[in-house]
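The values are calculated or read from the model by the stated rules, or taken from the named source; none is laboratory data. Not measured: the values here are computed from a predicted model. Every residue, glycine among them, receives a Cβ derived from its backbone with ideal geometry; neighbour counts consider all protein chains shown. Note: areas computed on protein heavy atoms with side chains; ligands, DNA, RNA excluded. Shrake-Rupley method; radii C 1.70, N 1.55, O 1.52, S 1.80 Å.
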Amino acid sequence: MTLPFELVAQGKVREVYAVDDDRLLLVASDRISAYDVVLPTPVPDKGRVLTALSVWWFEQLAPVLAEHGAEHHLLATGDALLAEGVPAELAGRSMLVRRLEMLPVECVARGYLSGSGTHLYQRSGAIVDVALPAGLVEGSRLPEPVFTPSTKAEVGEHDEAIGFAQVVDAVGAERAEALRALTLALYRRGAEIAEDAGIVLADTKFEFGTADGTLVLGDEVLTPDSSRFWPAITWSPGAPQPSFDKQYVRDWLTTSGWDRVSPAPELPEAVVAATRERYVTAYEKLTGRSWS
Ligand SMILES: N#Cc1c(N)ncnc1-c1cnn(CCN2CCOCC2)c1
């Protein structure tokens, strides 16, 4: 599919196009990644569901942003994009956004210990400069949500956890404090809404930019691609928690004997269908809206 816009950034599962000097188009694909590898089999509607979820979260988080003197970058999505020359088959999985001066920090909030956070904690009892109590295990709920920023790695590289002092070096003390406060406030609101939907929001990554000096929330927000979503009913600290959306894929890949080095195998239709259903279920449980 060719778009009448210049491709300016490419992620594992999303692309960024320049619409004009002031606006970008974020296009979410149906690609899915697991174990840091983009799989060859698309999940139908994944792009549309996660775009609709991001759009809904921008609406829910607008009051929190306003309390912090911040805004978000979303301008339009869906049929409104047809007038901008976006093809109908892409409109539902695209977001027209304000072009920002992006800040060079991945703003991660964690309410639970997981993944790289667990590895760092096991080595030092802390996540970089964020000290944590003794006795925590994979999946433990933290005493309170913590801000654990990281660098923005190049495509194919891993983000590197950094301390608050490095955020200050990158964006200045006042902006660093604002990022930490806003990241934690957005996470708390997201976790509260997710909890009501029976979903644990274990952690999430926000990206911010600025426009005319104002802090602006960018990228996608609180999707299963930018966050760890766990079914609350199965939460049990002490082992890796089942992913709300990717567990069928992970389990099948494990049983398939894939060595995680050779090209990833195609997913069976049943795994694709079950995974699509998980994305739809996450959307319906969180938003209270029917996907159909
Ligand atoms: N969002 C946004 C945004 C904006 N509103 N203004 C200027 N630049 C960006 C931007 C460009 N790239 N990225 C990294 C995140 N990308 C997201 C899509 O997928 C690829 C990675 C952010």
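Things worth noting here:
- Any hit, the stretch 213-229, residues being touching a Ser or Thr at 6+ places or on another chain (Cβ under 7 Å), open to solvent by 10 Å² or more (accessible area, probe 1.4 Å) and more than 16 Å from the ligand (Cβ to nearest atom): yes
- Residue check for residue 244: buried (at least 23 other Cβ atoms within 10 Å of the Cβ) and within 16 Å of the ligand (Cβ to nearest atom): no
- Conditions (1) surrounded by fewer than 18 Cβ atoms within 10 Å (Cβ to Cβ); (2) within 16 Å of the ligand (Cβ to nearest atom); (3) assigned to a helix (DSSP H, G or I); number of the one not met by residue 3: (3)
- Subset of the stretch 91-138 (residues that are more than 16 Å from the ligand (Cβ to nearest atom), in contact (Cβ under 8 Å) with a residue 60 or more places away in the chain, of a type in the set (Val, Ile, Thr) and under 12 Å from residue 161 (Cα atoms)): none
- Any hit, the stretch 32-50, residues being hydrophobic (A, V, I, L, M, F, W, C) and within 29 Å of residue 180 (Cβ to Cβ): yes
- Inter-residue pairs, beta-carbon under 6 Å, first touching a residue at least 12 places away in the same chain (Cβ under 8 Å) and in a loop (DSSP other than H, G, I, E, B) and in the stretch 16-29, second basic (Lys, Arg) and open to solvent by 20 Å² or more (accessible area, probe 1.4 Å), 6+ apart: 22/99
- Members of the stretch 30-48 found to be assigned to a loop (DSSP other than H, G, I, E, B) and either open to solvent by less than 30 Å² (accessible area, probe 1.4 Å) or away from the ligand (no atom under 12 Å from the Cβ) (or both), listed by number: 30, 32, 35, 36, 39, 40, 41, 42, 43, 44, 45
- The set of residues in the stretch 93-113 that are surrounded by 19 or more Cβ atoms within 10 Å (Cβ to Cβ) and not in a strand (DSSP E or B) comprises 93, 100, 103, 105, 113.
- Tally, over the stretch 144-179, of residues that are within 17 Å of the chain's Cα centre (by Cα) and not in a loop (DSSP other than H, G, I, E, B): 6
- Among the residues listed as 221, 271, 280, the single one being among the hydrophobic types (A, V, I, L, M, F, W, C), part of a helix (DSSP H, G or I), closer than 16 Å to residue 50 by Cβ and at pLDDT 95 or above: 280
- From 212, 259, residue being free of Cβ contacts under 8 Å to residues at least 24 places away in the same chain and assigned by TED's automatic domain parsing to the domain that holds residue 151: 212
- Annotation note: of 190, 209, the sole residue that is within 16 Å of the ligand (Cβ to nearest atom), more than 10 Å from the chain's Cα centre (by Cα) and under 25 Å from residue 47 (Cα atoms) is 209.
- Among the residues of the stretch 54-67, those identified as buried (at least 17 other Cβ atoms within 10 Å of the Cβ) and under 24 Å from residue 22 (Cα atoms) are 54, 55, 56, 57, 58, 61, 65.
- Residue within the stretch 112-125 that is over 26 Å from residue 210 (Cα atoms), modelled with pLDDT of 95 or more and not assigned by TED's automatic domain parsing to the domain that holds residue 188 present: no
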